[in-house]
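First up is the structure itself, then whatever we jot down about it.
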Amino acid sequence: MKHEISGNNVITNVNENKLKLSEKISYGVGDLASNVMWGLVGSFLLYFYTDVVLIPAAATATLFLLARVLDAFIDPVIGNFVDRTNSKYGRTRPFILFGIIPFCIMFILTFTTFDLSDTGKLIYAYVTYIIVGILYSVVNIPYGALMPLITRNTEEKAQLSSFRMLGMAIGNIFVSACSMALVNMLGKGNQRTGFLLTSMLFAVVGLVCFMVVCFNCKERYLEKHVENQTKTKASETYKNALKNTPWVVSITFAFFMFIRIAAVVAITIYFCMYVLKNPGMIPVLLPLLYVSVFITAPLTPMFIKKFGHRKANIIGLVIYIVAFCIMPFFVSNMVVFISIYFIGNVFGGIGTGSIFGMIADSVDYNEWKYGKRTEGTLYAGYSFATKVGMAVGGAAVGYVLAFTGYNATNVTASAESGINFLYYAVPIVCSVIQIIAIAFYKLDALHPQIIKELAEKNQATEN
């Protein structure tokens, strides 16, 4: 028997757990799209603002922090809309289908420059940066909430997470390795024009990829007759989420993971230019950050199957911390430095795939504990952690640059020291906090029993 969606009815057979390879690939393509587009924002918008638009570093840091925090509070609202959606297109797919084009347009406008005063530039940056973040949520929260609707099987979730990691890696490698080359080639030396045309190219890629997700991924685990069910109050949904311990642990873990990622990505450009004195290392270190995911992606499901989410992440983060602790001693030997950096990121990246399964499992826990899946709201928490974490990481870099007196036209020794300290300190501190958070994740042993009881409950309902 197959899982089918007919109108608002869902026929489920929980014994059918295997997904087609084409659907797994299609789901992973969504993360490729997200990371091609948002990767340009996350990796190069700080540089675009400070060195192309010429907005001061301190003002840019404040912009990043305030805009993302403000935007992040919109995410639970979007998640709640997803939970209450019941259409002929499904629950999550309408948001992707009708949200991707506005997102692409605003993404292009974010990298569009006009001849404005300094105040005008800052206002334009605030408006475009906030709106593009909201539209990103309109597309990406439903995309993330789609996973627990596709399957409840833990191993299949790990496989979907693995394909997401591959999509993320391909997207980020492409962005980090090719963005500046495309900016220079398309702009013919004019970075303003180059960033605009590059953003247009990336927007087309994102549009095509999300269309693949919409048409190839199926929602299987919707509640039956959603329109006849009593609507849960938003306040009750949020209250239950905060009592969902595995979810709270997962969000805390993700928050510090993205502070770490954002800080490393943002500071790497400056680290290569002003500490290593070798701008040629930018297209080496940044792509390697994502090339490592190609090793991590197949490694993660095996680690999770053997150790569970909690132990797998602790092992990976300990190795990552050790790597970053010894890297400063090998700056003079780039071969050893890069090798340690790569190995550290292979194991440190386990969390980037594991977190998707952790959030999806917390959806099952929510249904088991409170009788409601609320995929949209729970995944919105992950999006919140992503955005605020990225904002804090990016802002930390901007504030340290400003504090040390960074000026693109005159980089002082104090600024170089601040960049060097930040490059190592933030990843280590954030990883330690991640270990503390994940230590409280207790769902690994309980989840099989949860799935069994939910299956029995669904079977009883069908009969």
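The values are calculated or read from the model by the stated rules, or taken from the named source; none is laboratory data. It should be emphasised that the depicted structure is a prediction, and the values quoted were computed from it without experimental measurement. Every residue, glycine as well, gets a Cβ built from its backbone with ideal geometry; the counts of neighbours run over all protein chains shown. Each accessible area value is taken on the protein alone, full model and side chains, heavy atoms only, with ligands, DNA and RNA left out. Shrake-Rupley method; radii C 1.70, N 1.55, O 1.52, S 1.80 Å.
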Which listed residue is of a type outside the set (Ser, Thr, Tyr), out of contact with any Asp or Glu (no Cβ under 8 Å at 6 or more places or on another chain) and part of a helix (DSSP H, G or I), from GLY351, GLY308 = GLY351
Does THR119 satisfy the condition of being of a type in the set (Ser, Thr, Tyr) and open to solvent by 70 Å² or more (accessible area, probe 1.4 Å)?
-> yes
Considering only segment 69-119, how many residues are in contact with a strand residue (DSSP E or B) (Cβ under 8 Å, 6 or more places away or on another chain) and either on the phi > 0 side of the Ramachandran plot or of a type in the set (Phe, Trp, Tyr) (or both)?
-> 1
Test: residue in segment 20-38 that is of a type in the set (Val, Ile, Thr), touching a residue at least 12 places away in the same chain (Cβ under 8 Å) and assigned to a loop (DSSP other than H, G, I, E, B) | no
Of all the residues that make up segment 230-273, how many are within 30 Å of VAL284 (Cβ to Cβ), modelled with pLDDT of 90 or more and not hydrophobic (A, V, I, L, M, F, W, C)?
-> 2
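Residues checked against (1) buried (at least 18 other Cβ atoms within 10 Å of the Cβ); (2) farther than 26 Å from THR92 by Cα:
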{"site": "ASP115", "(1), (2)": "no, yes"}
{"site": "PRO148", "(1), (2)": "yes, no"}
{"site": "GLU155", "(1), (2)": "no, no"}
{"site": "SER179", "(1), (2)": "yes, yes"}
{"site": "GLN191", "(1), (2)": "yes, yes"}
Identify all residues within segment 88-98 that are in contact with a helix residue (DSSP H, G or I) (Cβ under 7 Å, 6 or more places away or on another chain) and either modelled with pLDDT of 95 or more or in a loop (DSSP other than H, G, I, E, B) (or both); write none if there are none.
-> TYR89, ARG91, THR92
Which pairs do you get when a residue that is open to solvent by less than 20 Å² (accessible area, probe 1.4 Å), found in segment 413-433, comes within reach of a residue that is in a helix (DSSP H, G or I) and hydroxyl-bearing (Ser, Thr, Tyr), reach meaning Cβ atoms under 6 angstrom, with the pair 6+ apart or on two chains?
-> ILE419/TYR270; ILE419/TYR274; SER431/TYR320
